[in-house]
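**Q** Okay, here's the structure, questions in a sec.
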Amino acid sequence: MNAPDFPPLILPAIEPTADLPLEARLRHKIAHKTKPLGALGRLESLALQLGLIQRSETIALREPQMVVFAADHGIAAEGVSAYPQAVTVQMVGNMLAGGAAINVFARQHGFALRVVDAGVAAELAPHPQLLPRKIALGTRNIRHEPAMTAAQVRAAVQAGMDIVRRLPGNAVAFGEMGIANTSAAALLFARLAGVGIDEATGRGTGLDDAQLAHKRQVLTQALARHGGATQPLDALAALGGFEIAMMAGAMLQAASERRAVLVDGFIAGAAALAARALVPAAQDYMVFCHRGDEHGHHLLLAHLQADPLLDLGLRLGEGTGALLAWPLLQSAAGFLNEMASFDSAGVSGREDA
């Protein structure tokens, strides 16, 4: 299955959240809540970010959405994953049946869940929660050829943008499913951030030492083969995956619509890195939800200068870390909107204020 020819990709305009007068008002409001200055720690900077995203001194979180992008990767044939490629379609079936971890957390936190077939290497039966956006039956083997054509990467980014346009709400979380997608994420991280393959590459689904060494050797060869793919869209086409490119487009569209973008783990982080490379202001809207246990994720977050909300040793993907962080966004909104100020509560402030 080949993607049809697409017109030139038009990326959405994204307005930076920087607004000095609003930021000053938000900081004043946060500082004058009935608490010691800075006592709510990371929650205070999260409230500030959400206020700037929504251009408001109060925060309203409406109809949160969870979108999981699924696709297969040709590089799986090189033995870079501890699991066979068939697990991708099996896990998509598990999600559609409601049995995956992401289903549990989506139900718990009131997220509407959709699974996107971005490029699973099988034909999937229709399902109310399945969005069929298949670009092809998996990408090609990056070790030997580009993962996708120029038309396919444009189609994937455009599909991600189109999906978000149709979603309600003002907060959207993104997850993924795809055997071998930590390899694509590591390659994108290495190329777009200029880090070494050994730094970018981890154990993925649980490789032992010998398997990890093999994976790093394969990815070193793949990165060298596509040395000319240095621009963001070219790197996505040569080294990425359909679910990563589609997620990057979805993140750009969500940011352009002033939605809070909940970024999950390493693969979602690679999509965020690509989205930022395409439109730098997109990062203003990204809430980095956790620091995962995948080796490259710590370095990727450091490269993005991102301060994640959680550090639970997660390495599942699917968007699970994003949903586990959701109560913190709710708490940030709650204290900003509802907590009394020193003046309104009649509580004495600092004597040196």
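The values are calculated or read from the model by the stated rules, or taken from the named source; none is laboratory data. Nothing here was measured: the structure is a model prediction, and the numbers come from that model. Please note: Cβ atoms are built from the backbone with ideal geometry, for glycine as well, and neighbour counts cover all protein chains shown.
**Q** Could you please find all residues in region 27-54 being under 22 Å from A254 (Cβ atoms), more than 19 Å from the chain's Cα centre (by Cα) and surrounded by 22 or more Cβ atoms within 10 Å (Cβ to Cβ)?
**A** A47, G51
**Q** If you don't mind, another one. Got a number for residues in region 267-300 being within 20 Å of G194 (Cβ to Cβ) and either of a type in the set (D, E) or without any contact (Cβ under 8 Å) to a residue 12 or more places away in the chain (or both)?
**A** Matching residues across region 267-300 total 3.
**Q** Would a scan of region 254-266 turn up a residue that is under 28 Å from G196 (Cβ atoms), in a helix (DSSP H, G or I) and not aliphatic (A, V, I, L, M)?
**A** Taking every residue of region 254-266 in turn, at least one turns out to be under 28 Å from G196 (Cβ atoms), in a helix (DSSP H, G or I) and not aliphatic (A, V, I, L, M).
**Q** Next question. Here are the criteria: (1) in contact (Cβ under 8 Å) with a residue 60 or more places away in the chain; (2) out of contact with any Ser or Thr (no Cβ under 7 Å at 6 or more places or on another chain); (3) within 16 Å of L299 (Cβ to Cβ). Tell me which single one G240 does not satisfy.
**A** (3) is the only condition that G240 fails.
**Q** Of the numbered conditions (1) part of a helix (DSSP H, G or I); (2) surrounded by fewer than 24 Cβ atoms within 10 Å (Cβ to Cβ), G249 fails exactly one; give the number of that condition.
**A** (2)
**Q** Another question about this same structure. Go through region 213-228 and give me each residue that's in contact with a Lys or Arg (Cβ under 7 Å, 6 or more places away or on another chain) and surrounded by 18 or more Cβ atoms within 10 Å (Cβ to Cβ).
**A** The answer is V218, A222, L223.
**Q** For region 163-171, check the following and say yes or no: at least one residue is buried (at least 24 other Cβ atoms within 10 Å of the Cβ), in contact with a His (Cβ under 9 Å, 6 or more places away or on another chain) and at pLDDT 95 or above.
**A** Within region 163-171, not a single residue is buried (at least 24 other Cβ atoms within 10 Å of the Cβ), in contact with a His (Cβ under 9 Å, 6 or more places away or on another chain) and at pLDDT 95 or above.
**Q** Inside region 291-305, can you point out the residues that are surrounded by fewer than 17 Cβ atoms within 10 Å (Cβ to Cβ) and either among the aromatic types (F, W, Y) or in a loop (DSSP other than H, G, I, E, B) (or both)?
**A** Listed by number, the list holds a single entry, Q305.
**Q** Which of the residues belonging to region 72-96 are surrounded by fewer than 24 Cβ atoms within 10 Å (Cβ to Cβ) and of a type in the set (D, E)?
**A** Passing the criteria: only E78.
**Q** For region 191-201, check the following and say yes or no: at least one residue is closer than 14 Å to G296 by Cα and of a type in the set (D, E).
**A** Checked against the condition, which is being closer than 14 Å to G296 by Cα and of a type in the set (D, E), region 191-201 yields at least one hit.
**Q** Follow-up. Please go through region 130-150 and pick out each residue that is of a type in the set (A, V, I, L, M) and touching a helix residue (DSSP H, G or I) at 6+ places or on another chain (Cβ under 9 Å).
**A** L130, L131, I135, A136, I142, A147, M148, A150, listed by residue number.
**Q** Right, here's the next one. Count, please, the residues in region 30-65 that happen to be assigned to a strand (DSSP E or B) and either touching a Lys or Arg at 6+ places or on another chain (Cβ under 7 Å) or more than 21 Å from V164 (Cα to Cα) (or both).
**A** Total satisfying the criteria: 1.
**Q** Could you grab me the full set of residues in region 306-333 that are closer than 17 Å to M251 by Cβ and part of a loop (DSSP other than H, G, I, E, B)?
**A** Within region 306-333, A306, P308, G317, E318, G319 qualify.
**Q** Here are some residues: E57, E23, E15. Which one is under 30 Å from G241 (Cβ atoms) and surrounded by fewer than 17 Cβ atoms within 10 Å (Cβ to Cβ)?
**A** Just a single option satisfies the conditions, and that option is E15.
**Q** If A332 meets every condition in (1) farther than 28 Å from A245 by Cα; (2) surrounded by fewer than 18 Cβ atoms within 10 Å (Cβ to Cβ); (3) touching a residue at least 60 places away in the same chain (Cβ under 8 Å) apart from one, which number is that one?
**A** Single failed check for A332: (2).
**Q** Can you tell me which residue is surrounded by the fewest Cβ atoms within 10 Å (Cβ to Cβ) among those in region 267-290 that are over 14 Å from the mean Cα position of the chain (by Cα) and over 18 Å from G241 (Cα atoms)?
**A** P280
**Q** Now, a different point. Looking at R225, is it over 26 Å from V115 (Cβ atoms) and in contact (Cβ under 8 Å) with a residue 40 or more places away in the chain?
**A** Yes.
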